[in-house]
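Shown next, in structure tokens, is the structure this report addresses.
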Ligand code: ACO
């Protein structure tokens, strides 16, 4: 059993919804500008005291129910997040305890910002291919609202909080056909939170604790790299664009998504869109979108899905999957 198959999906969004009109009261922006430039109408924001672990737990429980596995069957937990509860332990370790998994399976976080879920899926897929795991919980979970400067209109209108999860199981047939992960650290200054633990909290300037982005330049690279990685995934599997039923892209901006769909010659009816309701939830956006389309009956067993994400680093990645 050398392939990883999606056994079940789950997701969770915090209760509080922040509308574009709410943001008009915080910064010099407008509902019209946000909708036109990004496609975003609203986003969910974690309540005070609600953390990434809380969101991850809810998404995980939904995915485990959908997969029909026992928590004791899970033998690896990988969580993609850029907004963990603590410096350590990892969110994955804490989730293991919350779920009551006492089999001492490995649990760790990966950090690749908005490409994080593609990275986590790639890691999990390789564990299963190597025979090192059989049932893997893979999660993207973020409370990105905590690292936003709510006075910076360039960034605060774009992001939201949420979590999405999948349970992967070892299978004789794919499942995940391939994953493709990339990074280019030369672009780090275009999209980053400049400060962190190692540079010392005491010297941290207020704005250095928050996301900074040169949106225009990020946009251009995102369109280019998303297009390239999609071609790479198809070529590796000797597949044509017409072999893909669904595109489940990272939900950063409707214009980036439309550009990728055009390159794939896919009609927008084959693209799962949640950006209007969720905003950019970073590592959570792909599994959230996947779960929405599985639960509303659009994505069916046997259909072929292309997932792709792009984020700070820069990092980017894709996965070609038969659901
Ligand atoms: N409301 C009103 N005006 C605004 C706002 C706002 N919220 N934000 C910026 N503007 C202004 C700018 O100040 C600028 O004004 P100026 O012309 O007077 O200087 C004008 O709007 C145009 O700004 P641009 O940056 O050129 O606008 P653009 O069309 O590029 O849209 C956006 C900006 C939405 C950020 C876009 O560039 C984008 O989506 N970039 C990619 C983001 C992304 O994909 N991130 C990926 C991963 S995220 C992660 O990894 C964490």
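Given 109, 75, 31, which one is crowded, with 19+ Cβ neighbours inside 10 Å and over 21 Å from the mean Cα position of the chain (by Cα)?
After ruling out the rest, the residue left standing is 75.
Identify, by number, the condition in (1) away from the ligand (no atom under 16 Å from the Cβ); (2) outside any helix (DSSP H, G or I) that residue 27 doesn't meet.
(1)
Take residue 136 and tell me if it is surrounded by 19 or more Cβ atoms within 10 Å (Cβ to Cβ) and farther than 24 Å from residue 45 by Cβ.
Answer is yes for this residue.
Restricting segment 233-250 to residues that are closer than 22 Å to residue 287 by Cβ and either within 12 Å of the ligand (Cβ to nearest atom) or without any contact (Cβ under 8 Å) to a residue 40 or more places away in the chain (or both), which is surrounded by the most Cβ atoms within 10 Å (Cβ to Cβ)?
The qualifying residue surrounded by the most Cβ atoms within 10 Å (Cβ to Cβ) is 250.
Kindly check whether there is at least one residue in segment 120-139 that is within 14 Å of the ligand (Cβ to nearest atom) and modelled with pLDDT of 95 or more.
no
Please find, among 263, 300, the residue that is touching a helix residue (DSSP H, G or I) at 6+ places or on another chain (Cβ under 7 Å), surrounded by fewer than 17 Cβ atoms within 10 Å (Cβ to Cβ) and over 26 Å from residue 157 (Cα atoms).
263
A quick yes/no check of all residues on (1) within 16 Å of the ligand (Cβ to nearest atom); (2) more than 21 Å from residue 293 (Cβ to Cβ); (3) part of a loop (DSSP other than H, G, I, E, B):
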{"residue": "231", "(1), (2), (3)": "no, yes, no"}
{"residue": "252", "(1), (2), (3)": "yes, no, yes"}
{"residue": "256", "(1), (2), (3)": "yes, no, no"}
{"residue": "259", "(1), (2), (3)": "yes, no, no"}
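The values are calculated or read from the model by the stated rules, or taken from the named source; none is laboratory data. What you see is a predicted model, and the numbers here were worked out from it, not measured in a lab. When we count neighbours, we look across all protein chains shown, and the Cβ atoms used for this are built from the backbone with ideal geometry, even at glycine.
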